[in-house]
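Since the structure comes first, as structure tokens, the remarks are kept for the end.
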């Protein structure tokens, strides 16, 4: 604690110095499109039964909420694996398998969660507080877990009684409810975990409107209605098939033909034409997340392992990374590549959220001349070559090529290496990359967009950054219960991030989902997950 306190005493001096050398900046551009999250079925008449096919833009990793790092896994799991909490369309946190928001002790060290009664997992195992304890402990302590850092400095997890679980902390941890509204809050059948601890993701068993049926690698994932679900009266479809369709043009054509009834992540180049078709409806929302470029500073033996130096200019010299950031024309790129459907992203703090301020969402000004000056100061000959892995899909390749042209003006020679999504997730975790163009779907609490990726030792620290100052800022922001203090700390953290640039934030997408008008009840929120669990075909559908 003495070391941490000493560091905090000098943070004001460090931040002031950082602010004095910050480039001229401008705020992120506000969205110009109108959100439509979709609406629940409610009381409208619908047809019972039917099979729905969704075109899924990428193959999920294993369907294990403890180890997964894929957005597409969240799509599937939203139908078969409910969480303690969820987001609603407004971004508020609401109970799901819990019955109310947690109660927090006066000292902030004990968080007590009330959970549902009369609920069964898909295998018939009773859902209760002990089952919740089992899952939370697995998320927190299992080797290879991607959830540990998201859950904070936990001292102990215990079952208080059959309907209450308590999480005891070494320090207060304000983001825990938001973390439990994502994979850390997904509760798995303890019987299934006991039977197949290491292979749970191959046939997951949870509480949800649907249950897992089968997976055909690189082809599809099928789920079927679960008759044991506690809210079964609100489930209408017989089954959902997630068809793996990485090509956006193929998804668009399948929607037009009726071969699929829904598709995520539609390309801005297709969406304007699709939304004009009477048989299709566009859902769209802003995003808590961001897209950008990981730069490998020290991830040699794998994320979360001890950081080791990498002897390349972009890895060891912040000036080179700052030069890359200044050579990235964020506004011009989203205009050219995405026709302004997306917006520039400059920091991990999402605009229009509780902790967003002008200072925490500002962008470095596009300045290729200053970029070349920084490269000269770093003693780097130009054009300086940088290798970037990028998903082998058209929108991503188009962006990568436009980014290559942009940074070339600042003295960089960007070499593009197309890769499959699963391979990029592996490279991200193993550290087998120089730079990697890959995004994050975002979380409602800024801790979920920062600490996981930027804290020393975190299993999600894919860039291998090691900044004691940033560790302290993010740690104190998570432990503070004052919204104003948290916002101020995130402003300071952003200044450190924009000095070190372990990740170059580039743009913030809109979640663009299209579905057939024969289907209702599909919803998509700013957390990026498409919700199909309580969708249905409209009552007058024929055939």
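The values are calculated or read from the model by the stated rules, or taken from the named source; none is laboratory data. Source: prediction; values computed, not measured. Methodologically, a virtual Cβ is constructed for each residue, glycine included, from the backbone with ideal geometry; neighbour enumeration extends over all protein chains shown.
The condition (being touching a strand residue (DSSP E or B) at 6+ places or on another chain (Cβ under 9 Å), assigned to a helix (DSSP H, G or I), more than 15 Å from residue 297 (Cβ to Cβ) and at pLDDT below 95) is satisfied by just one residue among 452, 404, 486: 452. Per the conditions (1) touching a strand residue (DSSP E or B) at 6+ places or on another chain (Cβ under 8 Å); (2) under 27 Å from residue 251 (Cβ atoms), the sole criterion not satisfied by residue 114 is (2). The residues listed here are 141, 162; of these, the one that is under 29 Å from residue 426 (Cα atoms), out of contact with any strand residue (DSSP E or B) (no Cβ under 8 Å at 6 or more places or on another chain) and either surrounded by fewer than 19 Cβ atoms within 10 Å (Cβ to Cβ) or modelled with pLDDT under 95 (or both) is 141. Checking each residue in the stretch 273-306 for being surrounded by fewer than 20 Cβ atoms within 10 Å (Cβ to Cβ) and within 16 Å of residue 467 (Cα to Cα) picks out 305, 306. Do you know which of the residues in the stretch 369-392 that are assigned to a helix (DSSP H, G or I) and out of contact with any strand residue (DSSP E or B) (no Cβ under 9 Å at 6 or more places or on another chain) is surrounded by the most Cβ atoms within 10 Å (Cβ to Cβ)? For the stretch 369-392, the residue satisfying everything is 374. Residues that are within 16 Å of residue 454 (Cβ to Cβ) and in contact (Cβ under 8 Å) with a residue 24 or more places away in the chain were ranked within the stretch 480-494; the one that is surrounded by the most Cβ atoms within 10 Å (Cβ to Cβ) is 493. In the stretch 225-240, the residue that is farthest from residue 50 (Cα to Cα) out of those that are surrounded by fewer than 18 Cβ atoms within 10 Å (Cβ to Cβ) and in contact with a strand residue (DSSP E or B) (Cβ under 6 Å, 6 or more places away or on another chain) is 228. Of the strands (runs of 3 or more DSSP E) lying entirely inside the stretch 63-128, those containing at least 2 residues that are more than 18 Å from the chain's Cα centre (by Cα) and not assigned by TED's automatic domain parsing to the domain that holds residue 243 are 93-95, 110-114.
Suppose the filter is buried (at least 20 other Cβ atoms within 10 Å of the Cβ), assigned by TED's automatic domain parsing to the domain that holds residue 462 and at pLDDT 95 or above; does residue 325 pass it? When the stated conditions are applied, residue 325 passes them. Of the numbered criteria (1) at pLDDT 95 or above; (2) more than 28 Å from residue 457 (Cα to Cα); (3) touching a helix residue (DSSP H, G or I) at 6+ places or on another chain (Cβ under 9 Å), the one residue 396 fails is (3). For the stretch 336-346, which positions are crowded, with 20+ Cβ neighbours inside 10 Å, out of contact with any strand residue (DSSP E or B) (no Cβ under 6 Å at 6 or more places or on another chain) and assigned to a loop (DSSP other than H, G, I, E, B)? Across the stretch 336-346, the qualifying residue is only 341. Considering the conditions (1) over 28 Å from residue 381 (Cα atoms); (2) in contact (Cβ under 8 Å) with a residue 24 or more places away in the chain, residue 325 is excluded by exactly one of them, (1). Does residue 263 qualify as being touching a residue at least 60 places away in the same chain (Cβ under 8 Å), surrounded by 18 or more Cβ atoms within 10 Å (Cβ to Cβ), in the same structural domain as residue 55 (by TED's automatic domain parsing) and under 24 Å from residue 73 (Cβ atoms)? Yes, satisfied. A single entry from 171, 146 fulfils the requirement of being under 17 Å from residue 108 (Cβ atoms) and in a loop (DSSP other than H, G, I, E, B): 171. Say whether the condition of being without any contact (Cβ under 8 Å) to a residue 40 or more places away in the chain and farther than 23 Å from residue 383 by Cβ is met by at least one residue in the stretch 446-461. Among the residues of the stretch 446-461, not one is without any contact (Cβ under 8 Å) to a residue 40 or more places away in the chain and farther than 23 Å from residue 383 by Cβ, which makes the answer no. Put simply, of 376, 327 the only residue that is out of contact with any helix residue (DSSP H, G or I) (no Cβ under 9 Å at 6 or more places or on another chain) and over 22 Å from residue 467 (Cβ atoms) is 376.
The residues on offer are 108, 152, and the sole one that is buried (at least 23 other Cβ atoms within 10 Å of the Cβ) and more than 25 Å from residue 230 (Cβ to Cβ) is 152.
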